[in-house]
Amino acid sequence: MKNGPRTTFKRRNMSVWESDGSRLKHGGSRYMQSSQQAMWVNTTALHHTPSSPRSVVPNIMGRKVGMKLFSKITNPEIFIYDGETGEPISQTQFSLSLEAERALLDLVNYNIIPPRLLLLDLKFKPAQNYIPPSLSGPVKRIGVIKGLFTDAYSGELIPVEIRIRYDARARGNLQGGAYFFDSVEYSNIELEEVIY
């Protein structure tokens, strides 16, 4: 496993990635789910607070005093974008094996980037430019993993976002459909930031 020196940790009200129409770039809009449909919502004005404190990135030797330690992940999903154009691909729900959950917890808690992640039972809600993962080879993607992380001390459920770049390759598609995959592997993972 490798350490991630590029990572920045932000509080929940810091700015997030921005979309100028449909292309994704650093800044401040978010792909949000309404009660009717998924939609792009610009959040720059709502979330940009330059004066907010920024947590220090922990290393594998220890943690900064006051930073949270998480022990469990529930309700995980990932918002997927094309790695070259930033176009939205899908909103995807998935399951975590114990190994994958531990890898994501180590990533958030200690900034340890796993060499690979295997996500299970992926259900894709496609965007207009949806392209399913391929069994034949990896494709470059940008992802925002969201979930409720359990605080190891208080038991509080805290929304966390993990922003990564990675290569995605389908590993299991027994049903042969385009919107459900048994497993997809992520490799060459680069951690951009963690927000909570």
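Return a yes/no flag: does the stretch 110-121 have any residue that is open to solvent by less than 40 Å² (accessible area, probe 1.4 Å), part of a strand (DSSP E or B) and out of contact with any Gly (no Cβ under 8 Å at 6 or more places or on another chain).
yes
When you check Asn109 against the structure, is it in contact with a Leu (Cβ under 6 Å, 6 or more places away or on another chain) and in contact (Cβ under 8 Å) with a residue 40 or more places away in the chain, yes or no?
Yes, satisfied.
Quickly run through the stretch 147-165 and pick out the residues that are free of Cβ contacts under 8 Å to residues at least 40 places away in the same chain and in a strand (DSSP E or B). Correct list: Ile164 only.
The values are calculated or read from the model by the stated rules, or taken from the named source; none is laboratory data. Just so it is clear, the model here is predicted, and its values are computed rather than measured. Cβ sites come from the backbone with ideal geometry, for glycine too, and all protein chains shown count toward neighbours. Surface areas here come from the heavy atoms of the whole protein model, side chains and all, with no ligands, DNA or RNA. Shrake-Rupley method; radii C 1.70, N 1.55, O 1.52, S 1.80 Å.
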